[in-house]
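**Student:** I'd like to ask some things about the structure below.
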Amino acid sequence: MKRTLALLAALLLGLTLTGCGGADTPALTNAGSFEGFTLVLGNAEVVTSADGQQALRVHATYTNESGEAAYALSCFVVRAFQNGQELASLSDINGDEAALIQEAKPGTSLNVAYLFALPDLSPVEVTIGEPTAEEAVIGRASYLASEESQP
C-alpha cells in the first residue's frame, strides 16, 4: 500500500513539473495593467531638474478603466535602474509631474511623467510594478540605449 501511494505521489509530482516547463513567459512590454488601470511608458528626455541636477523625464499615459476615480501615483510603482542601482525619484507633484496626483475619472486617460536622478548617460531601465507588497514587475522599457530598445 505504501509503495502504491509513493508511486502515485511521484507520478503526480512528475506531471506537475512537466506542466510548468512547457510555456514560455511572455516578454514584458512598455505597458502594464493592474485591476482596471493601465500605464504605458512613452518617450523620455534628459532634462535639468529644478535643483540643477541632470535627470531623466519619462512620459507615460495612464488610463483608468476601473469603476472609480483614481490617481496614477497610487496605481503603479514606477522605478528606474542604471548600472545595477535604483535611481532616486525626483518627481515633484507640485511641478511638471503634477498629473500624477490629478484625479482620473473612469474611462479617462492622462499624460503623466516620472522624473529620476541621472548620474550619467548610460542605459536606464524603467519598470512598472504592481502597487502591492511584492511590487511584481508588469512592464518595462529601456532608455538611453540604442534606438531599437526604446518604446
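**Student:** Checking the a/c ratio against 1.5 first, then a/b against b/c, what shape does the Cα gyration tensor give for region 37-151? Kindly include the intermediate steps, with their values, before the conclusion.
**Tutor:** Numbers: a/c = 1.85, a/b = 1.48, b/c = 1.25.
It comes out prolate by the Cα gyration axes.
**Student:** May I pose another question? What does the extension gain come out to for residue 108 and residue 89, with contour length at 0.36 nm per residue minus their alpha carbon separation?
**Tutor:** On the way: separation 19, 0.36 × 19 = 6.84 nm, distance 2.56 nm.
Length gained, residue 108 through residue 89: 4.3 nm.
**Student:** Treat every Asp and Glu Cβ in region 31-149 as -1 and every Lys and Arg Cβ as +1, leave all other atoms uncharged, and give the resulting dipole magnitude about the Cα centre to the nearest 20 debye.
**Tutor:** Values: 4 positive and 17 negative charges, 21 e Å.
Its charge dipole is roughly 100 debye.
No value in this document is a laboratory result; all are computed from the given coordinates. Bear in mind that the values here come from a model prediction, so they are computed numbers and not experimental data. Don't worry about glycine lacking a Cβ; one is built from the backbone with ideal geometry, like all the others, and counts go over all protein chains shown.
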